Amino acid sequence: MAVIDTTQSVLASSQQRPPIWRNSGVLKWVAQIVVLLLVLGAFWFLGSTAIDGLAAKNLTPSYEFIDGPANIQPSEGIDTAPSSAGRLLWVGMVTTLQVAIVGVILSTILGVLVGLARLSNNWLANRAASFFIETLRNIPVLVQIFLWFYVMSNTLPDLEAGEGRRFFILSQKGVSIPRIFYDDGFYQWLAFIALGIVPIVLARRYFNARQAAQGGQNLAGPATLAILAVFAIVGWFANSVMSFLGGIFGSNETAVDRVNEGGIAGAWQSIPQSLMQLLLTLAVFGLAIGFIIRFLNSRRTPAGLAKLTDDDYFRMIFAVVAAAFMTLVFWVLWPGLSSWIINSGSDFWGWLGDKFGDDRGTRPLDGMLPTVSDGRFANYGPTGATLTVFRAALLVGLVLYTASFIAEIVRGGILAVAKGQTEAAAALGLSRSQALRKVILPQAFRVIMPPLGNQYLNITKNTSLAIAVGLSDVVQVGQSVFNKNGQSLAVFTIWMAFFLACSLTISVIVNFINGRLEIVER
Amino acid sequence: MKNTKLFRLLAVLFAVTLFAAACGSSETADDSASGDDGAATDDSGSDDSGSDDSGSDDSGSDDSGSDDSGSDDSDTETVDVAQGSILAQVQDRGTLRCGVSGAAVAFSFTQADGSVTGIDADYCRAVAAAVLGDADAVEFIALTAAERFDAINTGNVDVLMRNSTWTQSRDTAVGMDFGPTTYFDGQQLMARASDGFSATSDVSEIDSAVVCTNAGTTTETNISELADTLGIGITLNTFEDFNIVTDGFIAGTCDVITTDGSALVGRKAEQQPDDQEWVIFPPTPISKEPLGPVYAQNDSQWADVVNWTVYATVILADEYGVGSADVDDALANGAPEVIRILGGEGEIQTAMGLSADAFYNVISQVGNYQEIFDRNLNPVGLSRDGSANASWLEGGLMYAPPAR
């Protein structure tokens, strides 16, 4: 009896919990929370100090100017007479994106070509590529942009006076080529082509099955193209049969008319706000619960659920907290969000509905030639697609500068592929270009992709040099905006949010491609 | 075992939520408090100016200092003012930090040897002479149009003499104050005569032209609004640096450039190539551009120093004709107001926190308004006669309050 008593007391003492100030589980959490509070406190302190300081200077940050008048016009872009400052900033953002996207594409093509030339056995190509790289990457990009601006404005010809339409205009104001734009029937034409998906799927299935059964050439690809061509050609003339879609989508009227008009836009408009709030709440909780279930499943071993760490609990709790916070946002903090979703969803369907209808023209695409309206001034055609000297200087400067870096990255990536691969490809009888395309480059791209992403980020950020050559990008129009109203901090946050969004998007895309290129390990 | 752990975590979660809620409410409370503070700041500002008007005793700086500490007790918002006037900071530092353009011919233009010349640069020197007794104790800081107001707001420059237009929104929303206008300017356009322009051309003739100007200025707003009003379409390219604007104009990429008329006159005088003829139009400027000093908001002591430096140069030039050559003579046996300004009696300047001979230093080292104007603006073909910059005695707008 006494023996049993002692063993029990030993057991009890070993199971006794340590005091709370020595319990490592508790201490870990206390440390986490203290750090969280310190970080939040620091942000709160910095933010409130900044706001107080600005308030003392009568400069309380405010975003009201976004709805105010623009007062200035951007040099070029999707809208040269914006109705509000917010619209003006949007025009600038689009111009920035255009330059960035075109710059990324052109610099990649040029960079890969120069990088290959740098490795070429041809002495001339090799030396020329070295010269290109060493010159351009060692000159600051701003200097290059200025250089191209001066070169283009001073060496391109004046436009000879006179009026008329031309196919190609090159002058010191820029270069203008014929422009193709979509016309009234464009969306109906697209819808008509979309009808072709059904026969394409059927045809692909048939040809794939036939090749699997009988061998020989797979005709799925050519068949797809042929069906698409047939639908595009027939749809060019017959796209008005799709105009019935206008009635289904609804129309772009005011909210009340839209409901009466019916269609998807009307149905969307008549969703009550509380229902939308409920749906959003269910959606976020569904996501949170789905995440927890998937997470627990991933921790399930054949022997049962693995032991969960504090970190695992924290993830699950965070999912629930985030869902709860979003619910708070939907119902209390920002109830307007639901009605905004309802309205903009309805707007979208109404807008789509407007693109269809019996009263629309049926020509899907149209084109215009550059036109010199007055030989004295309009030195490039306002009705053609025009690349102005200002945009060209920025683009050429950025592309050449970035291409010189990309060329070196490509060269490094190719050299990183073991020499044995080239020799093995040669031994298999592949030609040099085949070896490059099918053996070397696919492996080189694994090395190339991450630094290439950095270059894409750089070219996007460097577009802010547009102000040097008078192109209305987001930075330039933003400067004009805050020079009028003094809201530099507000404009800076808009710039930061915009460039952050661009950079993160590029990162996501590059990481996705990177993931696809990785060696799959089994 | 696991249950207790979960329970503990839930308790922690609850604590975090409580904290978040508390944070949210405290933030809103703070917002309302800062609103009150803003009102308090305004009140203390008006107190300041009131005491300056009535303050007849010698200790001008002490006076405003006690005022500031008074407002300091009531709230912590007025730290900026409580740190002391910019005047005290400049006197401690021994140099005046003056924001200029560096690229505005005849206003503030950086010469090849690094010196800065122009009417704006001379008024920087005048303020330095008044505050520090040495017209050369100036640190010129070249600013772009887009940077200049942030430079004032952050205190990077003490005073901005950067041909800045006095507008309602800048005076109110942008958070700074404007001094007396030193040059009444107006926006004009410049184009090539070979494109069919003359000095009497109308703005509507620039239809479909490529117009270039500075980014972040009133000129881009003016020309945008005018083009909209006239119903003409222009391509407006705005550049950070006005040197690039004129280079684009010389090359022909820009058909028309537009900015303040005085700057165009200066550029035409300096840069017009032999094979081009440039014309400036329309005869009546398309906007009012009163240019003058700019300084931080709510510092009336510093504002008084800058303002009266300008007024002293105007009074002595237009009403008494006292220049740098005859300033000693005028101090000895001039009119009573002249003697007051030049420090013969001493009370007025010391009440402002300056030495008695502050404006004597200005006139002797830099000159009066007429001398500053003639030195900088006559060479590019601008004259006071018949313009808005003539004295009020001759039908112009240059007018200073009496010094007594």
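Quick notes on this structure:
- Scanning segment A:439-449 turns up no residue that is in contact with a Phe, Trp or Tyr (Cβ under 9 Å, 6 or more places away or on another chain) and either in the same structural domain as A:GLU76 (by TED's automatic domain parsing) or more than 30 Å from A:GLN73 (Cβ to Cβ) (or both).
- Any hit, segment A:513-521, residues being open to solvent by less than 10 Å² (accessible area, probe 1.4 Å), under 16 Å from the mean Cα position of the chain (by Cα) and not charged (D, E, K, R): no
- Exactly one residue out of A:THR386, A:THR402 is in contact with a Ser or Thr (Cβ under 6 Å, 6 or more places away or on another chain), modelled with pLDDT of 80 or more and either open to solvent by 40 Å² or more (accessible area, probe 1.4 Å) or within 14 Å of another protein chain (Cβ to nearest Cβ) (or both), and it is A:THR386.
Yes/no matrix, rows are residues, columns are (1) under 30 Å from A:ALA191 (Cβ atoms); (2) among the charged types (D, E, K, R); (3) open to solvent by less than 70 Å² (accessible area, probe 1.4 Å):
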site	(1), (2), (3)
A:ALA267	yes, no, yes
A:VAL284	no, no, yes
A:TYR313	no, no, yes
A:TRP334	no, no, no
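- Considering segment A:63-95, and only residues there that are in a helix (DSSP H, G or I) and charged (D, E, K, R), the residue that is nearest to the chain's Cα centre (by Cα) turns out to be A:ARG87.
- The set of residues in segment B:169-193 being over 28 Å from B:ILE206 (Cβ atoms), more than 10 Å from every other protein chain (Cβ to nearest Cβ) and open to solvent by less than 10 Å² (accessible area, probe 1.4 Å) consists of B:GLY179, B:THR182.
- Of the residues making up segment B:202-220, those that are open to solvent by less than 10 Å² (accessible area, probe 1.4 Å) and at the interface with chain A (Cβ under 7 Å from one of its Cβ atoms) are B:ALA209, B:VAL210, B:CYS212, B:ALA215, B:GLY216, B:GLU220.
- Single residue of segment A:63-104 satisfying the filter (more than 22 Å from B:THR213 (Cβ to Cβ) and in contact (Cβ under 8 Å) with a residue 24 or more places away in the chain) that is surrounded by the fewest Cβ atoms within 10 Å (Cβ to Cβ): A:TYR63
- Of all residues making up segment B:116-142, the number that are more than 23 Å from B:LEU382 (Cβ to Cβ) and not small (Gly, Ala, Ser): 7
- In segment A:193-209, residue nearest to the chain's Cα centre (by Cα) [restricted to those that are surrounded by 15 or more Cβ atoms within 10 Å (Cβ to Cβ) and more than 24 Å from A:PHE237 (Cβ to Cβ)]: A:ARG204
- Residues that are more than 19 Å from B:PHE109 (Cβ to Cβ) and surrounded by fewer than 20 Cβ atoms within 10 Å (Cβ to Cβ) within segment B:127-150 comprise B:GLY133, B:ASP134, B:ALA137, B:ASP150, listed in sequence order.
- Restricting segment B:361-388 to residues that are acidic (Asp, Glu) and assigned to a helix (DSSP H, G or I) leaves a set whose member that is farthest from B:LEU331 (Cα to Cα) is B:ASP374.
- Of everything in segment B:271-298 that is under 30 Å from B:GLY84 (Cα atoms) and touching a helix residue (DSSP H, G or I) at 6+ places or on another chain (Cβ under 7 Å), the residue that is modelled with the lowest pLDDT is B:ASN298.
- Filtered residues of segment B:232-264 (kept if within 7 Å of chain A (Cβ to nearest Cβ) and more than 22 Å from B:GLY118 (Cα to Cα)): B:THR235, B:LEU236, B:ASN237, B:THR238, B:PHE239, B:GLY248, B:ALA251, B:GLY252, B:THR253, B:ASP255
- Any chance A:VAL477 is open to solvent by less than 40 Å² (accessible area, probe 1.4 Å), part of a helix (DSSP H, G or I) and within 14 Å of chain B (Cβ to nearest Cβ): yes
- Selection of first residues in segment B:289-304 that are within 14 Å of another protein chain (Cβ to nearest Cβ) and farther than 22 Å from B:THR218 by Cβ and of second residues that are crowded, with 22+ Cβ neighbours inside 10 Å and at pLDDT 90 or above, restricted to Cβ pairs under 9 Å at least 6 apart or on distinct chains, gives the following pairs, ordered by first then second residue: B:ASP299/B:ILE86; B:ASP299/B:LEU87.
- On inspection, A:LEU245 qualifies as among the aliphatic types (A, V, I, L, M), open to solvent by less than 60 Å² (accessible area, probe 1.4 Å) and within 22 Å of A:GLY353 (Cβ to Cβ).
- Every residue from segment A:52-62 that is open to solvent by 70 Å² or more (accessible area, probe 1.4 Å) and more than 7 Å from chain B (Cβ to nearest Cβ): A:THR60
- A:ILE51 being free of Cβ contacts under 8 Å to residues at least 40 places away in the same chain, outside the structural domain of A:GLY486 (by TED's automatic domain parsing), in a helix (DSSP H, G or I) and not basic (Lys, Arg): yes
- Residue list for segment B:234-253, filter: open to solvent by 40 Å² or more (accessible area, probe 1.4 Å) and not β-branched (Val, Ile, Thr): B:GLU240, B:ASP241, B:ASN243, B:ASP247
- Condition met for A:ALA288 (of a type in the set (A, V, I, L, M, F, W, C), assigned by TED's automatic domain parsing to the domain that holds A:TRP351 and surrounded by fewer than 17 Cβ atoms within 10 Å (Cβ to Cβ)): no
- Hits in segment B:181-203 (condition: within 24 Å of B:GLY231 (Cα to Cα) and in contact with a Pro (Cβ under 8 Å, 6 or more places away or on another chain)): B:GLY186, B:GLN187, B:GLN188, B:LEU189, B:ALA199, B:THR200, B:SER201, B:ASP202, B:VAL203
- Entirely in segment B:113-198, the strands (runs of 3 or more DSSP E) that have 2 or more residues that are under 12 Å from the mean Cα position of the chain (by Cα) and under 12 Å from B:GLY292 (Cα atoms): B:159-165, B:176-178
- In segment A:182-203 there is no residue that is within 14 Å of chain B (Cβ to nearest Cβ) and out of contact with any Gly (no Cβ under 6 Å at 6 or more places or on another chain).
- Against the test of being assigned by TED's automatic domain parsing to the domain that holds A:VAL475, in contact with a Lys or Arg (Cβ under 9 Å, 6 or more places away or on another chain) and among the β-branched types (Val, Ile, Thr), the options A:VAL104, A:VAL94, A:VAL99 yield a single qualifying residue, A:VAL99.
- Restricting segment A:106-159 to residues that are closer than 17 Å to A:LEU415 by Cβ and either in a loop (DSSP other than H, G, I, E, B) or within 13 Å of chain B (Cβ to nearest Cβ) (or both) leaves a set whose member that is least open to solvent (accessible area, probe 1.4 Å) is A:SER120.
The values are calculated or read from the model by the stated rules, or taken from the named source; none is laboratory data. Every value quoted in this text rests on a predicted model; they were computed, and no experiment measured them. Note that we place each Cβ from the backbone using ideal geometry, even for glycine, and neighbour counts take in every protein chain shown. Surface areas here come from the heavy atoms of the whole protein model, side chains and all, with no ligands, DNA or RNA. Shrake-Rupley method; radii C 1.70, N 1.55, O 1.52, S 1.80 Å.
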